[in-house]
1. Which residues, counting only those in the stretch 1-41, are hydrophobic (A, V, I, L, M, F, W, C), modelled with pLDDT of 60 or more and under 25 Å from the mean Cα position of the chain (by Cα)?
2. Of all residues in the stretch 88-145, which are part of a helix (DSSP H, G or I), modelled with pLDDT under 80 and surrounded by 10 or more Cβ atoms within 10 Å (Cβ to Cβ)?
3. Output the number of residues of the stretch 49-68 satisfying the condition of being loosely packed, with under 11 Cβ neighbours inside 10 Å and either outside the structural domain of residue 26 (by TED's automatic domain parsing) or assigned to a loop (DSSP other than H, G, I, E, B) (or both).
4. Would you point out which residue out of 36, 83 is surrounded by fewer than 16 Cβ atoms within 10 Å (Cβ to Cβ), touching a Lys or Arg at 6+ places or on another chain (Cβ under 9 Å) and part of a helix (DSSP H, G or I)?
5. Return only the number of the condition from (1) modelled with pLDDT of 90 or more; (2) not in a helix (DSSP H, G or I) that residue 71 does not satisfy.
6. Residue 66: without any contact (Cβ under 8 Å) to a residue 40 or more places away in the chain and either touching a His at 6+ places or on another chain (Cβ under 9 Å) or more than 17 Å from residue 85 (Cβ to Cβ) (or both), yes or no?
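The values are calculated or read from the model by the stated rules, or taken from the named source; none is laboratory data. These numbers come from a predicted model, not from an experiment. Cβ placement follows ideal geometry from the backbone for every residue including glycine, while neighbour counts extend to all protein chains displayed.
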Amino acid sequence: MKRLAGLVAGLLLAVAAGAVDTTPPLPSPELQQRYYDMTHELRCVQCQNEAIADSPVGLAADLRRQVHDMLIAGKSDDDIRDYMVQRYGEFILFRPRMNLRTIWLWAAPVLLLVAGLVAAWRVLGKRTRLAANDVAPLEDEAGER
């Protein structure tokens, strides 16, 4: 039993160690903050629901290294985003940019909210009109309906 517990603990540590960012620190705190922000803004294309900062897979490590190298080379955040989108598509961004292809992502919540409000307004209006026109007694004199 102790061996099994030790094996499980070892496997968990190995997985956790894989997510450790091994890129060297950047020369300034501002660049380090930009690196942190960019690696949390870009999605791992292999894991799909993790940022490259949190992903233990090799592809995410390569992407972190690319972000690091581009920051050292003096690239702006938009340059890095453009490069990643050109290479991997809009999917790599957790917050996709608004353009003609992604406008539905931004408009859908508003349209669904408006549709829900219109539906609720119509249902409540019909119920109010039905209640106002209903003149039948709830019970007759014998206590039966």
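1. Matches in the stretch 1-41: 20, 31, 38.
2. Within the stretch 88-145, 105, 106 meet the criteria.
3. Qualifying residue count for the region: 1.
4. Every option except 83 fails the conditions.
5. Among (1) modelled with pLDDT of 90 or more; (2) not in a helix (DSSP H, G or I), the lone unmet condition for residue 71 is (2).
6. It is false that residue 66 is without any contact (Cβ under 8 Å) to a residue 40 or more places away in the chain and either touching a His at 6+ places or on another chain (Cβ under 9 Å) or more than 17 Å from residue 85 (Cβ to Cβ) (or both).
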